[in-house]
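Read through the structure below, which is laid out as structure tokens, and then see the notes.
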């Protein structure tokens, strides 16, 4: 079979950006026959990624920081990218941690169930105890504490519709 690339499932668990993951897959596609090195130029990678060379450089930096690739400089020609495989060995300490966490969760659930039987909650005592003052709906702030102007709306409408000439001052409309 051809035209496919195999990527480890552990790569998906890493918190890589979409560009970095896609770049890793592209680099992996250059490493055929169980090779771990490839040497495409950043321009070639940017064309395959359909992004700028600067975006490729950022994605490469992210992959280096994640420990997925190692870069070897070759002067003015393209770099050599060495892809590092994540360990595929089962982690016994992780299994032990999961078992201990499982036991701890079970013990916490048991203690909670014992305590919840002892307590009865009075839901009526949890009602809103906020004391409302007599003027709680008469809130005043800097926005609504001004008196409104009394406009002559008929005159304002006629001015806007150009039935009358525009007034020289606002006080003419307020009459």
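The values are calculated or read from the model by the stated rules, or taken from the named source; none is laboratory data. All values derive from a computational prediction rather than experimental measurement. Cβ placement follows ideal geometry from the backbone for every residue including glycine, while neighbour counts extend to all protein chains displayed.
With respect to the conditions (1) over 13 Å from residue 84 (Cα atoms); (2) touching a helix residue (DSSP H, G or I) at 6+ places or on another chain (Cβ under 7 Å); (3) at pLDDT 90 or above, residue 71 falls short on a single one, namely (1). Highlighted here are the helices (runs of 4 or more DSSP H) found entirely within the stretch 1-57 that include at least 1 residues which are touching a helix residue (DSSP H, G or I) at 6+ places or on another chain (Cβ under 6 Å): 18-30, 42-49.
The number of residues in the stretch 1-53 that are within 22 Å of the chain's Cα centre (by Cα) and without any contact (Cβ under 8 Å) to a residue 60 or more places away in the chain comes to 14. Applying a threshold of 8 Å to beta carbon distances and a minimum spacing of six or more residues, or different chains, the list of pairs starting in the stretch 95-118 at a residue that is at pLDDT 75 or above and ending at one that is assigned to a helix (DSSP H, G or I) is empty.
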